[in-house]
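Colleague: My questions all concern the structure below.
The values are calculated or read from the model by the stated rules, or taken from the named source; none is laboratory data. Predicted, not measured: the structure shown is a model, and the values here were computed from it. Note: ideal-geometry Cβ built from the backbone for every residue, glycine included; neighbour counts use all protein chains shown.
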Amino acid sequence: MSSIEKGCNFFGTCSSGLLAPVAGYATQAYAVAAAEVSKLRHDPTELLTRAVQPAIWLVLFGEVMAQVRGLTSGQTRYLDFLAPGILAQSVLFAAIFYGIAAIWERDLGVLHRYMVSPAPRSALVLGKAASAGIRGLSQAVVVYLLAIALGIAVDLNPLHLIAVAGLIAIGSALFSTFSLIIACIVKTRERFMGIGQVLTMPIFFASNAIYPIDLMPGWLKAISLANPLTYEVDALRTLMLTGGESKFGLGLDCTVLVATSAILVAIAARIYPRMTA
């Protein structure tokens, strides 16, 4: 049974009823996501190797920087402050190089098969974004386990866990779509790797992931406020930590992430076919 057939069975109503167009669109996106996720089942070593990075940041960087006074205010421990930022960082680092897979697909001829399918280009992009969200959730499991082992005040409220999973999925989708746009523009693996490495650190350090915005100079604070990662970290601190508080408000955090993701999906859907040129 093909991925598309499985998608039809999953949604059930893809060929009848008033919801048929919506269900058909969802089926097409689901088929792409299922194909991407199946790669992880065949080669799960990628998830294991990516688990090393948050461990290094939390155990080494976090323990050292926790000795520096003034990084956090009030009674918040630095490790507690850092954990949501490292979770967001793990998602960013995994998603920002997602576009290289699109370049491989073009070189292998897979992209041409996507382009001749009747699926809307936005459904293809959304399917890839959804699969990136699943990868991000695996990172969340690793960070949560490390945080608990380090005695970080993690909030295990089921509703908050579900909300964190949603935020991780949106953040992964956002940065993987951004990565796809870059891949569509540069079209070669060498250029993509260079640009990806240049962009990753500025996005990370120009956010509130490892230090509060209040400590930044004015020009960096302005950049941070325009950085989607800042709002993802802010929302994660609110929901991931016991007694966590949002600087901007969960409503604004979620609005920025969803709106930015929608804009990037629209751009990616428009330029994605150009990769075959």
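Residue-by-condition table, conditions (1) closer than 30 Å to HIS112 by Cα; (2) modelled with pLDDT of 95 or more; (3) among the β-branched types (Val, Ile, Thr):
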site	(1), (2), (3)
ALA209	no, no, no
PRO212	no, no, no
LEU215	no, no, no
THR230	no, yes, yes
ALA235	no, yes, no
GLY244	no, no, no
LEU257	no, yes, no
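Colleague: Does THR255 satisfy the criteria of being touching a strand residue (DSSP E or B) at 6+ places or on another chain (Cβ under 8 Å) and exposed (fewer than 15 other Cβ atoms within 10 Å of the Cβ)?
Modeller: Spelling it out, it is not the case that THR255 is touching a strand residue (DSSP E or B) at 6+ places or on another chain (Cβ under 8 Å) and exposed (fewer than 15 other Cβ atoms within 10 Å of the Cβ).
Colleague: Restricting to segment 88-117, name every residue that is within 30 Å of ALA153 (Cα to Cα) and either surrounded by fewer than 24 Cβ atoms within 10 Å (Cβ to Cβ) or out of contact with any Phe, Trp or Tyr (no Cβ under 8 Å at 6 or more places or on another chain) (or both).
Modeller: Those that are within 30 Å of ALA153 (Cα to Cα) and either surrounded by fewer than 24 Cβ atoms within 10 Å (Cβ to Cβ) or out of contact with any Phe, Trp or Tyr (no Cβ under 8 Å at 6 or more places or on another chain) (or both): ALA88, SER90, PHE93, ALA94, ILE96.
Colleague: Just a yes or no: is a residue in segment 138-147 more than 22 Å from VAL32 (Cα to Cα) and surrounded by fewer than 17 Cβ atoms within 10 Å (Cβ to Cβ)?
Modeller: Yes, because at least one residue in segment 138-147 is more than 22 Å from VAL32 (Cα to Cα) and surrounded by fewer than 17 Cβ atoms within 10 Å (Cβ to Cβ).
Yes/no per residue for (1) assigned by TED's automatic domain parsing to the domain that holds GLN89; (2) outside any helix (DSSP H, G or I); (3) more than 25 Å from TYR78 (Cβ to Cβ):
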position	(1), (2), (3)
ALA163	yes, no, no
LEU180	yes, no, yes
PHE192	yes, no, yes
MET201	yes, no, no
TYR211	yes, yes, no
SER224	yes, no, no
THR230	yes, no, no
VAL233	yes, no, no
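Colleague: Within segment 118-127, can you find the residues that are surrounded by 14 or more Cβ atoms within 10 Å (Cβ to Cβ) and more than 18 Å from PHE178 (Cβ to Cβ)?
Modeller: ALA119, PRO120, ALA123
Colleague: Taking segment 116-151 as the region of interest, how many residues are within 21 Å of ALA29 (Cα to Cα), among the aliphatic types (A, V, I, L, M) and touching a helix residue (DSSP H, G or I) at 6+ places or on another chain (Cβ under 6 Å)?
Modeller: Of all residues in segment 116-151, those within 21 Å of ALA29 (Cα to Cα) come to 116-138.
Filter once more, keeping what is among the aliphatic types (A, V, I, L, M): 116, 119, 123-126, 129-130, 132, 134, 137.
Filter again for touching a helix residue (DSSP H, G or I) at 6+ places or on another chain (Cβ under 6 Å), leaving 119, 123-126, 129-130, 132, 134, 137.
Going through segment 116-151 one residue at a time, the tally reaches 10.
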